[in-house]
Amino acid sequence: MRRTVSRRTILKTALTAGAASLAMRAPAISQGAGGRVVVVGGGFGGASCARALKQANPALSVTLVEAESTYTACPFSNAVVSGLRNLRAQQFDYSAVQAGGVSVVMSAATAVDASGKSVALANGARLPYDRLVLSPGIDMRWDSLQGYSEAVADIMPHAWKAGPQTMLLRRQLEAMPDGGLVLISAPANPFRCPPGPYERASLIAYYLKSNKPNSKILILDGKDNFSKQSLFEAAWKELYPGMIEWVPLSKGGKVTAIDTSSQTLITDFARHKGAVTNIIPAQKAGRIADIAGVGDRTGWCPIDPVTFESKLVPNIHVIGDASIAGAMPKSAFSANAQAKVCAAAIVALLAGEKPAAPLLINTCYSMVAPDYAISVAGVYQPANGLLTEFRGSGGVSRANAPRSERSLEAAYAEGWFRTITNEVFGS
């Protein structure tokens, strides 16, 4: 059984791990060895890594390659879906990254020459590197469900990449008549943001309770348990009684096919027709990982847990959602932590040093209502070629905590988002 700890213990754990990470980076920072590093992907992982590299060693030539001029953050995007937040609050540019000495190139990476150590871009440029960092995030497995495709996502949105899909799902909820059924199809592990589907159900329930109280939510799940499950289910019982139903894998929850014409999800035992249907499909590493040859048969990228260097292709590092990070979940906080460790390792490697074994942290907040949040935290270390949870470090929000504590967690969540986005994209 997972140990439950207090908020104070979680924060103390995070601070301890952060101090260990700083101690690990210090020897490499002093070396000042130059070199060329290209980072592909400008999300929480890529942008963090590019900035950390330049801060650790200003002599490095660091280039960040990103196809979009504006980054739209996934954390807190479920609040956009439910009408609690403006999409603009999720959007950031790269001016501060560039001001920090990182060369930012707005173009898609189209090819990687691992033997020649160069990256080809859609704009025709070719960037040489000594070390390459890939932080491509996720792609959807469009073939994971019979009848599903990228085109179908314009009818039954996934909204698992923040932006137009987020707003499409929001508009569908707004247009739905009172009494309608919202279907959410959640995938089997692993996927981006393990508690995300259940946070989404919670915040949609908040919207429905306030605006369309006769409506229901049905979650069809490809697994038998999920992150922070007992806390979510207790919150649903307290805040949204009778509104949210969850069907696990063992009770026929796995969606196997889709009837697009009737907005129907098909399982082995039933057919479910929704007024709004949110399909969160199975996922894999972003396409450039495939192109670079760093993904394995799972669709994800095996890495060395100390350096995040690919186990398949030398001199290429993979961070964030695309990596196989063992016990460490796919989250924005994880990507940010991995980025700093990877940057420190690269600086050490370019200086001819052996990178120190790191400690990494992750904290994940889930909003259940505007003034009600729950969280999970963990510390991770390399062991037996994987990242494993540091014994005794993990914890979740207290069960049966008073509403004042849940409200405080919501304030912590807001503060976390402001802090991490300012660190990654701010001045």
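Nothing in this text is a laboratory measurement; each read-out follows from the coordinates by a stated rule. This is a predicted model, so every value here is computed, not measured. Please note: Cβ atoms are built from the backbone with ideal geometry, for glycine as well, and neighbour counts cover all protein chains shown.
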- DSSP-defined antiparallel bridges as percent of all bridges, the chain, nearest 5: 50
- Which lysines have a Cα lying under 28 Å from the Cα of LYS209, excluding residues fewer than 8 positions away in the same chain? LYS161, LYS223, LYS228, LYS237, LYS251, LYS254, LYS273
- Query: Computed on alpha carbon atoms, what radius of gyration and Dmax characterise region 248-337, expressed in Å?
  - Reply: 17.6, 49
- Note on the structure: Among ILE155, ALA335, LEU312, the residue whose Cα sits farthest towards the positive end of the charge dipole of the chain, when +1 is placed on the Cβ of each Lys and Arg and -1 on the Cβ of each Asp and Glu, is ALA335
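Using the Cβ atoms and a cut-off under 15 Å, what net charge is assigned to the surroundings of VAL38, where Lys and Arg are +1 and Asp and Glu are -1? Please list the in-between numbers first.
Values: positive: ARG36, ARG51, LYS54, LYS117, ARG126, ARG131; negative: GLU66, ASP113, ASP130, GLU309.
Summing Lys/Arg as +1 and Asp/Glu as -1 gives +2.
Checking understanding here: applying a Kyte-Doolittle mean of at least 1.0 and a length along the axis of at least 20 Å (C-alpha), which whole DSSP H helices in the chain pass? Don't jump to the answer; show the numbers that get you there.
Values: long enough: 7-29 (33 Å, 0.55); 196-211 (22 Å, -0.45); 332-350 (27 Å, 1.50); 403-425 (33 Å, -0.57).
Counting only whole DSSP H runs, the qualifying helices are 332-350.
Can you give the extra length, in nm with one decimal, that the chain gains between ASP113 and MET167 once fully stretched, where that is 0.36 nm per residue apart less the Cα-Cα distance?
On the way: separation 54, 0.36 × 54 = 19.44 nm, distance 3.75 nm.
Gain on stretching ASP113 to MET167: 15.7 nm.
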- Query: About the Cα centre of the chain, what is the dipole size in debye to 20, counting +1 per Lys and Arg Cβ and -1 per Asp and Glu Cβ, all else neutral?
  - Reply: 740
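Using the scaling law 2.2 N^0.38 Å as the reference, what is the normalised Cα Rg of region 280-427? Show your work: numbers first, answer last.
Numbers: Rg = 17.1 Å, N = 148, 2.2 N^0.38 = 14.7 Å.
The reported ratio for this selection is 1.17.
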- When the Cα centres of region 214-240 and region 257-293 are compared, how far apart do they sit, in Å? 20
- Return the FRET efficiency for the residue pair LYS251, ARG403: r is the Cβ-Cβ distance, R0 is 30 Å, and the value is rounded to the nearest 0.05. 0.45
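Students often check this: by mean Cβ neighbours within 10 Å, which of 257-263, 44-50, 399-405 ranks highest, and how do the rest follow? Can you show the working numbers first?
On the way: 257-263: 13.9, 44-50: 30.4, 399-405: 11.4.
In descending order of packing, they fall as 44-50, 257-263, 399-405.
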- Message: Charges at C-beta only: +1 for Lys and Arg, -1 for Asp and Glu. How large is the resulting dipole of region 152-279 about its Cα centre, in Debye rounded to 20?
- Response: 140
- For the peptides 332-345, 276-289, 119-132, what is the packing order when you average, over each peptide's residues, the other Cβ atoms within 10 Å and list the highest mean first? 332-345, 276-289, 119-132
- Rounded to the nearest Å, what's the spacing between the alpha carbon centres of region 400-427 and region 130-207? Just the number, please. 23
- Run the quick spin-label model on THR388 and ALA175: label points 7 Å from Cα toward the beta carbon, then report their separation in nm to one decimal. 5.2
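Using the per-residue mean of other Cβ atoms lying within 10 Å as a proxy for protection, in what order, highest first, do the peptides 191-201, 67-77 fall? Don't skip to the answer; put the middle values down first.
Values: 191-201: 24.3, 67-77: 18.9.
Result, highest mean Cβ count within 10 Å first: 191-201, 67-77.
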- Could you list MET156, MET328, MET176 in order of exposure, starting from the residue whose Cβ has the fewest other Cβ atoms within 10 Å? MET176, MET156, MET328
- Message: Students often forget the sequence filter, so: which lysines lie under 17 Å Cα-Cα from LYS54 once same-chain residues fewer than 8 apart are removed?
- Response: LYS340
- Using only alpha carbon positions, build the gyration tensor of region 152-279, then give the equivalent ellipsoid semi-axes as the square roots of 5 times its eigenvalues, largest first, whole angstrom. 19, 18, 15
- Message: So if I restrict to the alpha-carbon atoms in the chain, what is the Rg, and what is Dmax, the biggest pairwise distance, in Å?
- Response: 21.4, 65
- Query: What residues of region 372-406 lie in the reach of a label at THR298, counting those whose backbone N is under 19 Å from a point 7 Å from the Cα along Cα→Cβ?
  - Reply: 379-390
